[in-house]
Amino acid sequence: MSFPRSNPLSYLTSQLDDLKAKGTHFRLRVLDDEQAAVCSFDGRRVVNLASNNYLGLTTHPKLREAALEATRKYGVGSGAVRTIAGTMKIHMELEEKIARFKNVEACVVFQSGFAANAGTVSAILGKDDFIISDALNHASIIDGARLSRAKILVFEHKNIAQAEEKLASVEQQPGKKLLITDGVFSMDGDIGPLPGLCGVAEKYGAIMMVDDAHSSGVLGRNGRGTIDHFDLHGRVDIQVGTLSKAIGALGGYVCGTRDLIDFLYHRARPFLFSTSHPPSVAATCLAAFDVLESEPERIGRLWDNTHYWKKELGLLGFDIGGRTTPVSETPITPVIIGDGKLTMEFSRALFAESVLGTGIAFPTVPEGKARIRTIVTATHTKEELERALAAFKKVGRQMGIVA
(Lines give C-alpha, C1' and ligand atoms only; values in the text may rest on other atoms or scores of the structure.)
Protein backbone atom coordinates (compact mmCIF):
# COMPACT_ATOMS: atom_id res chain seq x y z
CA MET A 1 0.00 0.00 0.00
CA SER A 2 1.33 3.44 -0.88
CA PHE A 3 0.75 6.55 1.19
CA PRO A 4 0.63 10.18 0.07
CA ARG A 5 3.97 11.76 0.86
CA SER A 6 4.42 15.40 1.70
CA ASN A 7 7.54 17.18 0.53
CA PRO A 8 10.03 17.14 3.46
CA LEU A 9 12.04 19.90 1.76
CA SER A 10 9.15 22.34 1.45
CA TYR A 11 10.79 24.58 4.05
CA LEU A 12 13.47 25.39 1.47
CA THR A 13 10.83 26.81 -0.84
CA SER A 14 9.65 29.05 1.98
CA GLN A 15 13.17 30.31 2.57
CA LEU A 16 13.65 30.97 -1.14
CA ASP A 17 10.37 32.89 -1.18
CA ASP A 18 11.73 34.98 1.69
CA LEU A 19 14.88 35.80 -0.30
CA LYS A 20 12.71 36.83 -3.26
CA ALA A 21 10.60 39.06 -1.03
CA LYS A 22 13.75 40.75 0.29
CA GLY A 23 15.05 41.23 -3.25
CA THR A 24 18.29 39.33 -2.63
CA HIS A 25 17.46 36.16 -4.55
CA PHE A 26 19.67 35.71 -7.61
CA ARG A 27 20.12 33.35 -10.52
CA LEU A 28 23.45 32.21 -11.81
CA ARG A 29 24.83 34.11 -14.77
CA VAL A 30 26.22 31.72 -17.38
CA LEU A 31 29.50 32.44 -19.17
CA ASP A 32 29.26 31.63 -22.87
CA ASP A 33 32.95 31.86 -23.78
CA GLU A 34 36.35 32.51 -22.18
CA GLN A 35 36.83 34.01 -18.73
CA ALA A 36 38.30 37.31 -19.87
CA ALA A 37 38.19 41.07 -19.31
CA VAL A 38 35.37 41.31 -21.86
CA CYS A 39 33.24 38.23 -22.42
CA SER A 40 29.68 37.02 -22.90
CA PHE A 41 27.30 36.15 -20.07
CA ASP A 42 23.75 35.04 -20.87
CA GLY A 43 24.30 36.11 -24.48
CA ARG A 44 25.35 39.69 -23.60
CA ARG A 45 28.86 41.02 -24.24
CA VAL A 46 30.00 42.70 -21.01
CA VAL A 47 32.99 44.31 -19.34
CA ASN A 48 33.75 41.69 -16.70
CA LEU A 49 34.43 43.22 -13.27
CA ALA A 50 33.47 40.14 -11.26
CA SER A 51 36.28 37.67 -11.93
CA ASN A 52 39.23 36.69 -9.72
CA ASN A 53 41.31 36.27 -12.89
CA TYR A 54 43.66 39.05 -11.73
CA LEU A 55 46.43 38.51 -14.27
CA GLY A 56 44.40 37.17 -17.18
CA LEU A 57 46.10 33.78 -16.99
CA THR A 58 42.96 31.75 -17.69
CA THR A 59 43.59 32.30 -21.41
CA HIS A 60 47.39 32.63 -21.47
CA PRO A 61 48.82 30.67 -24.45
CA LYS A 62 51.54 29.04 -22.32
CA LEU A 63 48.95 27.73 -19.88
CA ARG A 64 46.71 26.47 -22.68
CA GLU A 65 49.56 24.57 -24.29
CA ALA A 66 50.71 23.12 -20.98
CA ALA A 67 47.21 21.74 -20.36
CA LEU A 68 46.94 20.25 -23.83
CA GLU A 69 50.39 18.66 -23.69
CA ALA A 70 49.73 17.11 -20.28
CA THR A 71 46.42 15.70 -21.50
CA ARG A 72 48.10 14.16 -24.52
CA LYS A 73 50.85 12.69 -22.34
CA TYR A 74 49.00 11.63 -19.19
CA GLY A 75 45.29 11.44 -20.06
CA VAL A 76 42.42 13.39 -18.58
CA GLY A 77 42.33 12.16 -14.97
CA SER A 78 44.50 10.82 -12.18
CA GLY A 79 42.13 8.00 -11.27
CA ALA A 80 42.55 7.98 -7.49
CA VAL A 81 43.17 9.91 -4.30
CA ARG A 82 46.75 10.93 -3.65
CA THR A 83 47.37 8.32 -0.93
CA ILE A 84 46.32 5.34 -3.05
CA ALA A 85 47.33 5.63 -6.69
CA GLY A 86 46.61 9.27 -7.58
CA THR A 87 49.95 10.94 -6.91
CA MET A 88 51.54 11.60 -10.27
CA LYS A 89 55.03 12.96 -10.81
CA ILE A 90 53.53 16.19 -12.08
CA HIS A 91 51.73 16.70 -8.74
CA MET A 92 55.02 16.42 -6.88
CA GLU A 93 56.69 18.81 -9.33
CA LEU A 94 53.98 21.38 -8.66
CA GLU A 95 54.33 21.11 -4.89
CA GLU A 96 58.10 21.46 -5.12
CA LYS A 97 57.77 24.48 -7.41
CA ILE A 98 55.35 26.25 -5.09
CA ALA A 99 57.59 25.56 -2.08
CA ARG A 100 60.56 27.18 -3.85
CA PHE A 101 58.40 30.11 -4.96
CA LYS A 102 57.12 30.71 -1.42
CA ASN A 103 60.54 30.18 0.20
CA VAL A 104 59.43 27.31 2.47
CA GLU A 105 60.48 23.71 3.02
CA ALA A 106 57.45 21.98 1.57
CA CYS A 107 53.98 22.32 0.10
CA VAL A 108 50.83 20.23 -0.35
CA VAL A 109 48.22 20.94 -3.02
CA PHE A 110 44.52 20.56 -2.25
CA GLN A 111 41.55 20.40 -4.60
CA SER A 112 40.49 23.93 -3.67
CA GLY A 113 41.49 26.83 -1.48
CA PHE A 114 38.44 26.15 0.68
CA ALA A 115 39.60 22.56 1.22
CA ALA A 116 43.12 23.77 2.02
CA ASN A 117 41.93 26.05 4.82
CA ALA A 118 39.23 23.82 6.26
CA GLY A 119 41.32 20.67 5.95
CA THR A 120 44.39 22.16 7.58
CA VAL A 121 42.75 23.84 10.58
CA SER A 122 40.62 20.80 11.36
CA ALA A 123 43.63 18.47 11.04
CA ILE A 124 46.13 20.22 13.27
CA LEU A 125 43.83 21.19 16.17
CA GLY A 126 41.38 19.44 18.46
CA LYS A 127 38.78 20.12 21.14
CA ASP A 128 41.34 21.11 23.78
CA ASP A 129 42.94 23.80 21.60
CA PHE A 130 42.20 27.47 20.90
CA ILE A 131 41.77 29.47 17.70
CA ILE A 132 42.11 33.26 17.73
CA SER A 133 40.49 34.46 14.50
CA ASP A 134 39.84 37.80 12.78
CA ALA A 135 36.13 38.63 12.65
CA LEU A 136 36.20 38.94 8.85
CA ASN A 137 38.15 35.78 8.07
CA HIS A 138 37.00 33.70 5.10
CA ALA A 139 34.21 31.14 5.46
CA SER A 140 36.68 28.30 4.85
CA ILE A 141 38.64 29.33 7.96
CA ILE A 142 35.45 29.56 9.99
CA ASP A 143 34.29 26.12 8.85
CA GLY A 144 37.71 24.59 9.50
CA ALA A 145 37.69 26.07 12.99
CA ARG A 146 34.27 24.59 13.69
CA LEU A 147 35.29 21.18 12.36
CA SER A 148 38.36 21.16 14.59
CA ARG A 149 36.09 21.48 17.69
CA ALA A 150 38.66 23.87 19.14
CA LYS A 151 37.49 26.82 21.22
CA ILE A 152 37.14 29.86 18.96
CA LEU A 153 37.95 33.40 20.13
CA VAL A 154 37.13 36.12 17.60
CA PHE A 155 38.87 39.51 17.64
CA GLU A 156 37.65 42.70 15.99
CA HIS A 157 38.79 43.09 12.41
CA LYS A 158 42.54 43.89 12.29
CA ASN A 159 42.57 44.77 16.01
CA ILE A 160 46.04 43.60 17.05
CA ALA A 161 45.59 44.67 20.67
CA GLN A 162 42.40 42.67 20.98
CA ALA A 163 44.03 39.65 19.35
CA GLU A 164 46.70 39.85 22.03
CA GLU A 165 44.06 40.15 24.74
CA LYS A 166 42.37 36.99 23.47
CA LEU A 167 45.67 35.11 23.41
CA ALA A 168 46.64 36.37 26.86
CA SER A 169 43.31 35.22 28.27
CA VAL A 170 44.09 31.59 27.39
CA GLU A 171 47.86 31.68 27.83
CA GLN A 172 47.74 29.49 30.95
CA GLN A 173 45.18 27.11 29.49
CA PRO A 174 46.45 23.74 28.23
CA GLY A 175 46.22 23.18 24.50
CA LYS A 176 47.69 24.64 21.36
CA LYS A 177 46.88 28.17 20.21
CA LEU A 178 46.42 29.19 16.58
CA LEU A 179 46.33 32.85 15.48
CA ILE A 180 44.81 33.06 12.02
CA THR A 181 44.04 35.83 9.54
CA ASP A 182 43.40 36.46 5.88
CA GLY A 183 46.32 38.12 4.12
CA VAL A 184 43.88 40.09 1.95
CA PHE A 185 40.23 40.17 2.96
CA SER A 186 38.04 39.06 0.09
CA MET A 187 35.07 41.40 0.50
CA ASP A 188 36.76 44.69 1.43
CA GLY A 189 40.17 44.28 -0.22
CA ASP A 190 42.17 45.45 2.79
CA ILE A 191 45.44 43.82 3.88
CA GLY A 192 45.81 42.02 7.20
CA PRO A 193 48.15 43.57 9.81
CA LEU A 194 50.60 40.68 9.57
CA PRO A 195 53.70 42.21 11.22
CA GLY A 196 51.78 43.04 14.39
CA LEU A 197 49.99 39.69 14.50
CA CYS A 198 53.25 37.80 13.96
CA GLY A 199 54.69 39.66 16.94
CA VAL A 200 51.72 38.67 19.09
CA ALA A 201 51.95 35.03 17.99
CA GLU A 202 55.65 34.93 18.81
CA LYS A 203 55.10 36.54 22.22
CA TYR A 204 52.61 33.87 23.26
CA GLY A 205 54.08 30.91 21.39
CA ALA A 206 51.05 30.57 19.09
CA ILE A 207 50.96 29.00 15.65
CA MET A 208 50.71 31.76 13.02
CA MET A 209 48.59 30.99 9.95
CA VAL A 210 47.77 33.24 6.98
CA ASP A 211 45.30 32.65 4.16
CA ASP A 212 46.94 34.36 1.20
CA ALA A 213 44.34 33.48 -1.44
CA HIS A 214 43.71 37.01 -2.72
CA SER A 215 47.33 38.16 -2.49
CA SER A 216 48.83 35.24 -4.43
CA GLY A 217 49.94 36.69 -7.76
CA VAL A 218 49.04 40.21 -6.57
CA LEU A 219 51.34 41.27 -3.70
CA GLY A 220 55.01 40.62 -3.02
CA ARG A 221 57.83 39.92 -5.45
CA ASN A 222 56.36 38.36 -8.60
CA GLY A 223 53.16 37.75 -6.66
CA ARG A 224 54.59 35.82 -3.71
CA GLY A 225 51.93 37.19 -1.37
CA THR A 226 51.65 39.12 1.87
CA ILE A 227 54.40 37.22 3.68
CA ASP A 228 56.85 38.44 1.05
CA HIS A 229 55.15 41.85 0.89
CA PHE A 230 55.91 42.38 4.60
CA ASP A 231 59.20 40.38 4.54
CA LEU A 232 57.93 37.93 7.15
CA HIS A 233 59.66 34.83 5.82
CA GLY A 234 60.21 32.35 8.64
CA ARG A 235 57.67 34.04 10.92
CA VAL A 236 54.46 32.53 9.49
CA ASP A 237 54.10 28.83 10.30
CA ILE A 238 51.33 28.00 7.83
CA GLN A 239 50.72 29.76 4.52
CA VAL A 240 47.61 28.98 2.49
CA GLY A 241 47.28 30.03 -1.13
CA THR A 242 45.05 29.43 -4.10
CA LEU A 243 45.56 28.23 -7.66
CA SER A 244 42.07 29.35 -8.67
CA LYS A 245 42.44 33.13 -8.79
CA ALA A 246 45.55 34.91 -10.12
CA ILE A 247 47.11 31.55 -11.06
CA GLY A 248 44.18 31.03 -13.42
CA ALA A 249 43.41 27.35 -12.84
CA LEU A 250 42.04 25.40 -9.87
CA GLY A 251 43.09 24.32 -6.39
CA GLY A 252 44.65 25.48 -3.17
CA TYR A 253 47.90 24.82 -1.37
CA VAL A 254 49.46 24.87 2.07
CA CYS A 255 53.11 25.74 2.66
CA GLY A 256 55.25 25.19 5.73
CA THR A 257 57.75 22.78 7.24
CA ARG A 258 58.26 19.28 5.88
CA ASP A 259 56.74 17.83 9.03
CA LEU A 260 53.60 19.98 8.65
CA ILE A 261 53.13 18.83 5.07
CA ASP A 262 53.84 15.20 5.91
CA PHE A 263 51.27 15.39 8.71
CA LEU A 264 48.67 16.86 6.33
CA TYR A 265 49.37 14.01 3.89
CA HIS A 266 48.29 11.68 6.72
CA ARG A 267 45.49 13.61 8.42
CA ALA A 268 43.92 16.31 6.22
CA ARG A 269 40.58 14.81 5.25
CA PRO A 270 40.03 16.70 1.95
CA PHE A 271 43.47 15.46 0.82
CA LEU A 272 42.78 11.90 1.96
CA PHE A 273 39.31 11.55 0.50
CA SER A 274 39.34 13.53 -2.77
CA THR A 275 40.70 12.48 -6.15
CA SER A 276 43.79 14.45 -7.12
CA HIS A 277 43.86 17.09 -9.81
CA PRO A 278 43.79 16.08 -13.46
CA PRO A 279 47.33 16.27 -14.87
CA SER A 280 46.25 19.12 -17.15
CA VAL A 281 45.44 21.27 -14.10
CA ALA A 282 48.79 20.56 -12.45
CA ALA A 283 50.61 21.35 -15.71
CA THR A 284 48.65 24.59 -16.09
CA CYS A 285 49.65 25.68 -12.58
CA LEU A 286 53.30 24.88 -13.24
CA ALA A 287 53.16 27.06 -16.34
CA ALA A 288 51.46 29.85 -14.39
CA PHE A 289 54.30 30.09 -11.88
CA ASP A 290 56.73 30.31 -14.80
CA VAL A 291 54.69 33.23 -16.15
CA LEU A 292 54.76 34.99 -12.76
CA GLU A 293 58.54 34.88 -12.88
CA SER A 294 58.97 35.75 -16.56
CA GLU A 295 56.21 38.37 -17.04
CA PRO A 296 56.24 40.64 -13.96
CA GLU A 297 54.83 43.43 -16.10
CA ARG A 298 51.41 41.76 -15.76
CA ILE A 299 51.34 42.62 -12.08
CA GLY A 300 52.39 46.16 -12.95
CA ARG A 301 49.46 46.51 -15.35
CA LEU A 302 47.11 45.08 -12.72
CA TRP A 303 48.13 47.79 -10.25
CA ASP A 304 48.03 50.56 -12.86
CA ASN A 305 44.44 49.60 -13.68
CA THR A 306 43.58 49.26 -9.99
CA HIS A 307 44.81 52.76 -9.12
CA TYR A 308 42.95 54.27 -12.08
CA TRP A 309 39.72 52.44 -11.23
CA LYS A 310 39.72 53.43 -7.56
CA LYS A 311 40.50 57.07 -8.36
CA GLU A 312 37.75 57.42 -10.96
CA LEU A 313 35.07 55.62 -8.92
CA GLY A 314 35.90 57.86 -5.98
CA LEU A 315 35.63 60.97 -8.13
CA LEU A 316 32.15 59.83 -9.21
CA GLY A 317 31.12 59.88 -5.57
CA PHE A 318 30.76 56.17 -4.85
CA ASP A 319 31.59 54.76 -1.43
CA ILE A 320 34.50 52.45 -2.23
CA GLY A 321 35.45 51.77 1.37
CA GLY A 322 36.46 53.95 4.27
CA ARG A 323 33.06 55.35 5.20
CA THR A 324 31.35 52.28 6.65
CA THR A 325 33.88 49.57 5.76
CA PRO A 326 37.68 49.17 5.73
CA VAL A 327 39.67 50.95 3.04
CA SER A 328 40.55 48.70 0.11
CA GLU A 329 44.29 48.39 -0.54
CA THR A 330 44.18 45.86 -3.38
CA PRO A 331 42.44 45.26 -6.73
CA ILE A 332 39.31 44.24 -4.81
CA THR A 333 37.26 47.45 -4.82
CA PRO A 334 33.83 47.28 -3.17
CA VAL A 335 31.17 49.77 -4.20
CA ILE A 336 29.14 49.99 -1.01
CA ILE A 337 25.40 50.39 -1.59
CA GLY A 338 24.15 49.24 1.82
CA ASP A 339 20.65 47.89 1.18
CA GLY A 340 20.62 44.36 -0.22
CA LYS A 341 17.65 44.81 -2.54
CA LEU A 342 18.97 48.07 -3.95
CA THR A 343 22.36 46.44 -4.51
CA MET A 344 20.85 43.61 -6.55
CA GLU A 345 18.84 46.10 -8.59
CA PHE A 346 22.01 48.11 -9.19
CA SER A 347 23.81 44.95 -10.37
CA ARG A 348 21.01 44.10 -12.81
CA ALA A 349 20.97 47.66 -14.15
CA LEU A 350 24.73 47.51 -14.72
CA PHE A 351 24.29 44.29 -16.66
CA ALA A 352 21.71 45.99 -18.87
CA GLU A 353 24.47 48.54 -19.59
CA SER A 354 26.86 45.68 -20.53
CA VAL A 355 28.87 45.64 -17.31
CA LEU A 356 29.10 42.61 -15.03
CA GLY A 357 29.35 43.77 -11.43
CA THR A 358 27.98 41.16 -9.06
CA GLY A 359 25.86 42.20 -6.10
CA ILE A 360 26.87 40.72 -2.75
CA ALA A 361 24.53 40.87 0.23
CA PHE A 362 23.85 39.14 3.56
CA PRO A 363 24.98 36.55 4.68
CA THR A 364 28.18 36.92 2.64
CA VAL A 365 28.54 40.43 4.09
CA PRO A 366 26.80 41.93 7.15
CA GLU A 367 23.30 43.39 6.88
CA GLY A 368 23.47 46.99 5.71
CA LYS A 369 26.80 46.55 3.96
CA ALA A 370 25.75 45.05 0.63
CA ARG A 371 28.00 45.99 -2.22
CA ILE A 372 29.05 45.51 -5.81
CA ARG A 373 32.46 43.88 -5.48
CA THR A 374 34.59 44.92 -8.44
CA ILE A 375 37.94 43.53 -9.50
CA VAL A 376 39.86 44.97 -12.44
CA THR A 377 42.50 42.79 -14.07
CA ALA A 378 45.81 43.20 -15.84
CA THR A 379 44.08 42.63 -19.18
CA HIS A 380 41.43 45.35 -18.99
CA THR A 381 42.14 48.21 -21.38
CA LYS A 382 41.67 51.87 -20.49
CA GLU A 383 38.78 52.08 -22.98
CA GLU A 384 37.02 49.11 -21.33
CA LEU A 385 37.36 50.66 -17.89
CA GLU A 386 36.05 53.98 -19.19
CA ARG A 387 32.98 52.18 -20.58
CA ALA A 388 32.41 50.55 -17.21
CA LEU A 389 32.80 53.86 -15.39
CA ALA A 390 30.24 55.46 -17.69
CA ALA A 391 27.79 52.67 -16.83
CA PHE A 392 28.40 53.11 -13.08
CA LYS A 393 27.86 56.86 -13.41
CA LYS A 394 24.63 56.44 -15.40
CA VAL A 395 23.11 53.79 -13.15
CA GLY A 396 24.32 55.48 -9.98
CA ARG A 397 22.60 58.73 -10.93
CA GLN A 398 19.42 57.00 -12.10
CA MET A 399 19.12 55.19 -8.76
CA GLY A 400 20.08 58.22 -6.66
CA ILE A 401 23.25 56.62 -5.31
CA VAL A 402 25.53 59.38 -6.59
CA ALA A 403 24.74 62.96 -7.51
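State yes or no: is GLY43 of a type in the set (Gly, Ala, Ser) and either surrounded by 14 or more Cβ atoms within 10 Å (Cβ to Cβ) or in contact with a Leu (Cβ under 7 Å, 6 or more places away or on another chain) (or both)?
no
Quick one: in segment 220-243, of everything that is buried (at least 24 other Cβ atoms within 10 Å of the Cβ) and part of a loop (DSSP other than H, G, I, E, B), which residue is farthest from the chain's Cα centre (by Cα)?
Out of the qualifying residues, it is VAL236.
Quick one: would you say PRO4 is without any contact (Cβ under 8 Å) to a residue 24 or more places away in the chain, open to solvent by 60 Å² or more (accessible area, probe 1.4 Å) and within 25 Å of SER215 (Cα to Cα)?
no
Hey, does segment 201-217 have a residue that's on the phi > 0 side of the Ramachandran plot and out of contact with any Pro (no Cβ under 6 Å at 6 or more places or on another chain)?
Looking for residues that are on the phi > 0 side of the Ramachandran plot and out of contact with any Pro (no Cβ under 6 Å at 6 or more places or on another chain), one finds at least one in segment 201-217, hence yes.
Using the structure shown, decide if GLU171 is under 22 Å from ILE227 (Cα atoms) and either open to solvent by 60 Å² or more (accessible area, probe 1.4 Å) or free of Cβ contacts under 8 Å to residues at least 12 places away in the same chain (or both).
Answer is no for this residue.
Which pairs turn up if I take residues in segment 88-104 that are farther than 22 Å from GLY223 by Cβ and look for partners that are open to solvent by less than 10 Å² (accessible area, probe 1.4 Å) with beta carbon separation below 7 Å, at least 6 apart in sequence or on another chain?
MET88/PRO279
Against the condition outside any loop (DSSP other than H, G, I, E, B) and of a type in the set (Asp, Glu), how does ASP128 come out, does it pass?
Against the criterion (outside any loop (DSSP other than H, G, I, E, B) and of a type in the set (Asp, Glu)), ASP128 does not qualify.
If the requirement is being in a loop (DSSP other than H, G, I, E, B), closer than 16 Å to ALA37 by Cα, open to solvent by less than 10 Å² (accessible area, probe 1.4 Å) and modelled with pLDDT of 95 or more, which of these qualifies: ALA378, ALA388?
Only one candidate qualifies: ALA378.
Name the residue that is most open to solvent (accessible area, probe 1.4 Å), counting only residues in segment 48-69 that are hydrophobic (A, V, I, L, M, F, W, C) and either within 21 Å of TRP303 (Cα to Cα) or in contact with a strand residue (DSSP E or B) (Cβ under 7 Å, 6 or more places away or on another chain) (or both).
Here the answer is ALA50.
Could you list all residues from segment 345-366 that are more than 21 Å from the chain's Cα centre (by Cα) and part of a loop (DSSP other than H, G, I, E, B)?
GLU353, SER354
For the subset of segment 129-168 comprising residues that are of a type in the set (Asp, Glu) and closer than 13 Å to VAL200 by Cβ, which member is surrounded by the fewest Cβ atoms within 10 Å (Cβ to Cβ)?
GLU165
Could you tell me which of the residues ARG45, ARG72, ARG82 is under 17 Å from PRO278 (Cα atoms) and either touching a strand residue (DSSP E or B) at 6+ places or on another chain (Cβ under 7 Å) or free of Cβ contacts under 8 Å to residues at least 12 places away in the same chain (or both)?
None of the other options fit; the residue is ARG72.
Looking only at segment 253-271, how many residues end up being open to solvent by less than 40 Å² (accessible area, probe 1.4 Å) and either touching an Asp or Glu at 6+ places or on another chain (Cβ under 9 Å) or part of a helix (DSSP H, G or I) (or both)?
8
GLY400 is checked against (1) surrounded by fewer than 16 Cβ atoms within 10 Å (Cβ to Cβ); (2) touching a residue at least 12 places away in the same chain (Cβ under 8 Å) and fails just one. What number does that condition carry?
(2)
Can you name the residue in segment 272-301 that is open to solvent by less than 30 Å² (accessible area, probe 1.4 Å) and in a loop (DSSP other than H, G, I, E, B) and, of all such residues, is nearest to THR83 (Cα to Cα)?
Checked segment 272-301; the qualifying residue nearest to THR83 (Cα to Cα) is SER276.
Inspect segment 324-344 for any residue being modelled with pLDDT of 95 or more, within 21 Å of ILE227 (Cα to Cα), open to solvent by 70 Å² or more (accessible area, probe 1.4 Å) and not in a helix (DSSP H, G or I) and give the result as yes or no.
yes
The values are calculated or read from the model by the stated rules, or taken from the named source; none is laboratory data. Predicted model only: the values in this text are computed from it and were never measured. Please note: Cβ atoms are built from the backbone with ideal geometry, for glycine as well, and neighbour counts cover all protein chains shown. Ligands, DNA and RNA are stripped out before the accessible areas are found, and what is left, the full protein with its side chains, is counted by its heavy atoms. Shrake-Rupley method; radii C 1.70, N 1.55, O 1.52, S 1.80 Å.
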